[in-house]
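The values are calculated or read from the model by the stated rules, or taken from the named source; none is laboratory data. It should be emphasised that the depicted structure is a prediction, and the values quoted were computed from it without experimental measurement. Heads up, the Cβs are rebuilt from the backbone with ideal geometry, glycines too, and the neighbour counts pull from every protein chain shown. Accessible surface areas use protein heavy atoms only, side chains included; no ligands, DNA or RNA. Shrake-Rupley method; radii C 1.70, N 1.55, O 1.52, S 1.80 Å.
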Amino acid sequence: MHLLLTGATGTLGRPLCADLLRSGHQLTVLSRQAPERVRALCGAAVEVWSDLAAWTPQRHFDAVINLAGEPIADARWTAARKARLRDSRIALTEQLLQRIAAAERRPAVLLSGSAVGWYGDGGERVFTEAAPAAQDFAARLCADWEAAARPAEALGVRLCTLRTGLVLARRGGLLARMRLPFSLGLGARLGDGRQWMSWIHEDDWRELTLWLLAHPQARGPFNLTAPQPVTNAEFTAALAAALHRPALLAAPSWALKLAAGEMAPLLLGGQRVLPEHAAALGFHFRHPSLAGALRDLLG
Ligand SMILES: NC(=O)c1ccc[n+]([C@@H]2O[C@H](COP(=O)([O-])OP(=O)(O)OC[C@H]3O[C@@H](n4cnc5c(N)ncnc54)[C@H](OP(=O)(O)O)[C@@H]3O)[C@@H](O)[C@H]2O)c1
């Protein structure tokens, strides 16, 4: 297959490219970075585009994987940053859809990004893909990102939206940020620690993404989360145990609210999400439990 990818240079995209190239697929990567840097990150064989204008109607892709987006938790949500968070996802997805519509031969499938932020802060409620989007900024971002991809269905392109949970990766992402304080014995529960964390091992994320690519019966939203979400207190204890360190501290809610501003719900809120659609179609998770996933990732 020949695939077009956006966001391929990121934490999730890089290992995905490696898998796809290993399987013999051809890749074109849309990136803001220099072509040699993209090839160093994604693989020497990838074609690099700096602009979607390169997609002429004559050019055919079998599939498109759309992951690009300004990182959501790296800085406070100022008005300018919120605009970048939205434009980098929604405007880019709209442009992709224009190109898909104009293609003489359209791709068979579009896998397009989203996140479990779709569900908002849900307390003890359990969410499957059937739940509607919440109303906070992160939820609206996800809802508008999915809505931008939805015209693909009317164009005859199979669409799966990837409602990704907290991805636990060997390099980068959440674990990279938490590893140092936890290794120093400074790991802390956030607030009362009762908020739910819907996590997924990076290998399961990738396998499920490749599985959605390959299964024509898969369409619609998919929660890319392990079948056993945990509370923040459980996550804190499991990570400390995996690193053989104590985690006796708690970061008080007021301090987190002060530091994170409107982003505080990302830390103090959470959602208990189940991967119902993947399970119904028979996808098998290699790392269903957090303790096993952390053992695998942290050695
Ligand atoms: N990792 C997670 O735990 C997680 C959880 C839920 C959802 N997601 C979503 O899944 C997607 C991939 O995640 P990731 O962890 O791999 O993200 P990442 O490491 O931050 O990489 C995202 C990619 O998006 C592109 N990008 C960043 N800012 C951009 C901007 N302003 N305009 C256009 N492109 C921009 C970059 O590609 P170039 O530099 O090559 O242009 C970058 O490689 C993201 O959209 C993320 O929101 C991730």
ask   = Using +1 on the beta carbon of Lys and Arg, -1 on that of Asp and Glu, and nothing else charged, what's the dipole of the chain about the Cα centre, debye to 20?
value = 480 debye
key: Charge-dipole axis of the chain as Lys and Arg at +1 and Asp and Glu at -1 on Cβ define it, positive-most pick from Val273, Cys160, Trp77   = Trp77
remark   = If one builds a Gaussian network model of the chain from Cα atoms under 10 Å apart, the most fluctuating residue listed among Arg179, Arg219, Arg272 is Arg179
key: Other-chain or far-sequence residues with amide H under 5 Å of Leu27's (modelled H)   = Leu3, Glu47
inquiry  = In Å², and per residue, what accessible area does segment 1-79 have when probed at 1.4 Å with the other protein chains present?
reply    = 46 Å²
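Decide, for segment 193-289, between rounded, prolate and oblate: order the square roots of the alpha carbon gyration tensor eigenvalues as a ≥ b ≥ c, take rounded if a/c falls under 1.5, and otherwise choose prolate if a/b is larger than b/c, else oblate.
In terms of gyration-tensor shape, prolate.
What ranking, highest mean first, results for peptides 137-150, 10-23 when packing means the other Cβ atoms within 10 Å averaged over each residue? Can you show the working numbers first?
Numbers: 137-150: 20.5, 10-23: 17.9.
Peptide ranking by packing, descending: 137-150, 10-23.
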query = Where the centroid of each part is defined by its Cα atoms, how far is segment 179-243 from segment 66-135 in Å?
reply = 19 Å
ask   = Which of Arg194, Arg59, Arg170 moves the most in a Gaussian network model of the chain with Cα springs under 10 Å?
value = Arg59
request  = Could you list, by residue number, the cysteines of the chain that have no other cysteine's beta carbon within less than 4.7 Å of their beta carbon?
outcome  = Cys142, Cys160
remark   = With Cα springs under 10 Å, the Gaussian network model of the chain assigns the largest mean-square fluctuation among Asp51, Asp192, Asp203 to Asp51
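State the extension gain, in nm to one decimal, for the chain segment bounded by Ala154 and Arg14, taking 0.36 nm per residue of separation less the distance between their alpha-carbons. Write out the running numbers ahead of the final one.
On the way: separation 140, 0.36 × 140 = 50.40 nm, distance 3.04 nm.
Extra length from Ala154 to Arg14 when fully extended: 47.4 nm.
What percentage of the solvent-accessible surface of segment 156-236, computed with a 1.4 Å probe over protein heavy atoms, is contributed by carbon and sulfur atoms? Could you put the intermediate results ahead of the total?
Numbers: 1690 of 2990 Å².
That fraction is 56 percent.
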remark   = Phi angles of segment 211-220, converted by Karplus (6.51 cos²θ - 1.76 cosθ + 1.60, θ = phi - 60°) into ³J(HN,Hα) in whole Hz with x for Gly and Pro, give 5, 5, 4, 8, 10, x, 7, 8, 7, x
task = Work out, step by step, the length gained on full extension between Leu281 and Glu70: first 0.36 nm times the residue separation, then minus their alpha carbon distance; give nm to one decimal.
result = 72.8 nm
ask   = Using r as the Cβ-Cβ distance of Glu104 and Ser50, and R0 as 25 Å, what FRET efficiency do you calculate, to the nearest 0.05?
value = 0.60
note = Karplus ³J(HN,Hα) for segment 54-65 (6.51 cos²θ - 1.76 cosθ + 1.60, θ = phi - 60°; Hz, whole; x = Gly/Pro) runs 5, 7, 7, x, 6, 7, 10, 10, 6, 8, 10, 10
ask   = How long, wide and thick is the chain, going by the Cα atoms along their three principal axes, in whole angstroms, largest first?
value = 60, 40, 38
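Where a ≥ b ≥ c are the square roots of the eigenvalues of the C-alpha gyration tensor, would you call segment 226-274 rounded, which needs a/c under 1.5, or, failing that, prolate if a/b is larger than b/c, or oblate? Mind showing how you got there, number by number?
On the way: a/c = 3.20, a/b = 1.23, b/c = 2.60.
It comes out oblate by the Cα gyration axes.
For segment 121-173, just say rounded, prolate or oblate: build the C-alpha gyration tensor, square-root its eigenvalues into a ≥ b ≥ c, call rounded for a/c under 1.5, and beyond that prolate if a/b exceeds b/c, oblate if not. Let's see the in-between values first.
Details: a/c = 1.97, a/b = 1.29, b/c = 1.52.
Oblate is the answer for segment 121-173, as a/c is 1.5 or above yet b/c matches or exceeds a/b.
Could you report segment 86-138's accessible area per residue, 1.4 Å probe, as an integer in Å²? Working shown, then result.
Details: 2400 Å² over 53 residues.
Here the residues of segment 86-138 average 45 Å² of exposed surface.
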request  = Would you mind computing, in nm to one decimal, how far apart the modelled labels at Thr78 and Ala214 are, each placed 7 Å from Cα along Cα→Cβ?
outcome  = 4.6 nm
note = If amide H atoms are modeled at 1.01 Å from N in the peptide plane, then the residues at a separation of 5 or more from Thr164, or on another chain, having amide H under 5 Å from its own are Ser114, Ala115, Val116, Leu224
message = Using +1 at the C-beta of Lys and Arg and -1 at the C-beta of Asp and Glu, which of Ile100, Ser23, Val48 has the Cα lying farthest in the positive direction of the dipole of the chain?
response = Val48
request  = Please report, in whole Å, how far the alpha carbons of segment 1-118 spread along each principal axis, starting with the longest.
outcome  = 40, 31, 27
FRET E, pair Ser183, Leu248, Förster distance 25 Å, beta-carbon r, rounded to 0.05 = 0.95
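Return a whole-number percent for the relative contact order of segment 34-145, with Cα pairs under 8 Å and 6 or more residues apart as the contact set. Walk me through the numbers on the way to the answer.
Working: 106 pairs, mean separation 31.7, N = 112.
Value for segment 34-145: 28 percent.
Charges only on Cβ, +1 for Lys and Arg, -1 for Asp and Glu: so what's the dipole of segment 60-119 about the Cα centre, in debye to the nearest 20?
Numbers: 9 positive and 6 negative charges, 43 e Å.
In debye, rounded to 20, segment 60-119 gives about 200.
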ask   = What list of ³J(HN,Hα) couplings, whole Hz, do you get for segment 40-53 from phi and the Karplus terms 6.51, -1.76, 1.60, once you set θ to phi - 60° and write x for glycine and proline?
value = 5, 7, 9, x, 4, 8, 7, 8, 10, 10, 9, 8, 5, 4
